[in-house]
1. Take residue 244 and decide whether it is crowded, with 19+ Cβ neighbours inside 10 Å, over 36 Å from the mean Cα position of the chain (by Cα) and in contact (Cβ under 8 Å) with a residue 24 or more places away in the chain.
2. Tell me the residue from 752, 732, 697, 719 that is touching a strand residue (DSSP E or B) at 6+ places or on another chain (Cβ under 9 Å) and buried (at least 24 other Cβ atoms within 10 Å of the Cβ), please.
3. Please verify whether the stretch 297-306 includes one or more residues that are crowded, with 24+ Cβ neighbours inside 10 Å, out of contact with any strand residue (DSSP E or B) (no Cβ under 6 Å at 6 or more places or on another chain), farther than 28 Å from residue 264 by Cα and touching a residue at least 24 places away in the same chain (Cβ under 8 Å).
4. Could you tell me which numbered condition residue 51 fails, if it satisfies all but one of (1) in contact with a strand residue (DSSP E or B) (Cβ under 6 Å, 6 or more places away or on another chain); (2) in contact (Cβ under 8 Å) with a residue 60 or more places away in the chain; (3) not in a strand (DSSP E or B)?
5. Do the conditions hold for residue 487, that is, is it in contact (Cβ under 8 Å) with a residue 24 or more places away in the chain, closer than 23 Å to residue 379 by Cα and part of a loop (DSSP other than H, G, I, E, B)?
6. Residues that are under 24 Å from residue 205 (Cα atoms), without any contact (Cβ under 8 Å) to a residue 60 or more places away in the chain and buried (at least 17 other Cβ atoms within 10 Å of the Cβ): does the stretch 147-157 have at least one?
7. Please verify whether the stretch 634-645 includes one or more residues that are surrounded by fewer than 22 Cβ atoms within 10 Å (Cβ to Cβ) and under 30 Å from residue 108 (Cβ atoms).
8. Among the residues of the stretch 587-610, write down those that are part of a loop (DSSP other than H, G, I, E, B) and in contact with a helix residue (DSSP H, G or I) (Cβ under 8 Å, 6 or more places away or on another chain).
């Protein structure tokens, strides 16, 4: 039987929850994230990547060269040199790229383990960040698998960045003069004269030498594949008073046949040299490293144990129980800021992005969701709109791409509404109604409660409506590239009108639970939905937007962009459409946009520039928002289908973008264990190629789609709803879900067609599909759900 996620380059190990890469020459670097929102970074299957502390722009630790040749350099490397023959290699394959006798990379939750063997020397590198530590550990284990003694020298290598990564890359004259690296008692320290922050690199074993300067280590007109220090086997033992600082420690190891040795490297950043010394001292002993790794594993195990499923679909289970929630937690930490595609220099954390990231993590990390939402509400202005993005260390906000067109609106119509939707989701999950009374300042001054912040968000949208009574689009809505308002103040977003209705219905439900006035929210939702129905239905689907001149975009009369995916799904999610129109819209979406690899965002795509829509038409046909398969939006299709009762369509659309089902790695290119943002669409010459893996809203929304809509296990203010959209091929499933401190053991069985649910809770029949909250003191509830018409 073929293992889940099998490709020519690897497979998914379900028992260990690890993706196993079996070849180093993957089509693109297949990466993982280490760290849990503080110190962290990315590490690839060949040891490439970089590190930072909380903010990759303002507190960078190590360098990375994007879009470079050779690819995926530099990183966290160790060279091994045979002192008898002079031959050298890297257990990570890169950067020497010498063929290995054996190679394996195992990406796990918060760690990566790479093993390489050559000429009877087996080496393994484990990379991880201990919980709450200001540093990362590389544990190198060496074993002599041969029959003769061996004498080796190891040389570590990491390029140390000036903490201001933008200056490190762009202001070379200043940054390279001020940043120095020196050796003290086996530790390399990099800092400036005017700031105490100190980057450090050390090891558990006393080195026989060191290199602190890249040029001295690599040599003139050489590269990382053949550095002169490794070739000669001799470190320079010289500090770097300026220039390109590195962390290279040389160790000598003599290994008898069968003997094993271990070295632990410590890389990090501290407030001063004393802080660096404390961090290094904490991991001098192997026992401390083992304890730190055990703590990391325990933390991830607890996170992943909050929702566990067993269904007839192994790929579904592997994704929902493992890599999807792992990816969700990563997006919660880093939004879209630092990846193999985003340099961590420009965009910062997205307001809308981070709000949506809480949706897939609030059940397992409610405290972090609380912290994230509170930080996001601080980005809101008194008039109700919010910054589009921000930098996590400084709190500096910005309007994002809107700054490129200062004469156009400098706000996005959806950012503040996502905060409303995400806050309601947080309250349904936690029941923490007191959060609404927490007082948070606005970006421009006054402090008010979260509830008042939510009201101001709605009021901003209500006050900024266009000629058809729909929300003005501002610079853009969720689709950053759909730039229709060129200063007229008239362009409108049909999709945002549907999003507004969802936010209003959520607020009405919340207000009802709190005993507050709810009818005003419902009335505005009805008014907005009526405007959508009157002005936006195009006969077989909904228009996408209206431009500066009031002309519709995304309608059949257009030559380009005749139909757009998003209004067809959100007319269901936002509950704006009558059932017949919703069904027709979904059918039109599949008919005009459906492919075997997902649903394209629009069709026909623009072919050449079109100032009317600006950004969308800058992409070639089939790329990204211009007719690409935007996986994030595909997750909304799954939610809409399940919500509409189209169980098999929901499951089909879910599986079309399920990465573990992609076995065409040389076409797909990106990691098969996490979702990517987009796949090149059918009009693109590279149809099927994935881009922007890891940091994407696809992660949270596919998790929501799978767990809350296909499995139908959804939190409510009064209990846990069990309302599956069970695929016809399934006879049932089991799940374990922690909800407000109680373990819900759920068994679902199909007894007939239809979606009607009959519940037994601890052996007692319960009316409806909501399991009431148990009395205080209960820590376990047993649920049996039967599905039939």
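The values are calculated or read from the model by the stated rules, or taken from the named source; none is laboratory data. What you see is a predicted model; the values in this text were computed from it and never measured. Every residue, glycine among them, receives a Cβ derived from its backbone with ideal geometry; neighbour counts consider all protein chains shown.
1. When the stated conditions are applied, residue 244 does not pass them.
2. The match here is 697.
3. So far as the stretch 297-306 goes, no, none of its residues is crowded, with 24+ Cβ neighbours inside 10 Å, out of contact with any strand residue (DSSP E or B) (no Cβ under 6 Å at 6 or more places or on another chain), farther than 28 Å from residue 264 by Cα and touching a residue at least 24 places away in the same chain (Cβ under 8 Å).
4. (3)
5. No; evaluated as a whole, the condition is false for this residue.
6. Checked against the condition, which is being under 24 Å from residue 205 (Cα atoms), without any contact (Cβ under 8 Å) to a residue 60 or more places away in the chain and buried (at least 17 other Cβ atoms within 10 Å of the Cβ), the stretch 147-157 yields no hits at all.
7. Within the stretch 634-645, none of the residues are surrounded by fewer than 22 Cβ atoms within 10 Å (Cβ to Cβ) and under 30 Å from residue 108 (Cβ atoms).
8. Hits for the stretch 587-610 are 596, 597, 600, 601, 606, 608, 609, 610.
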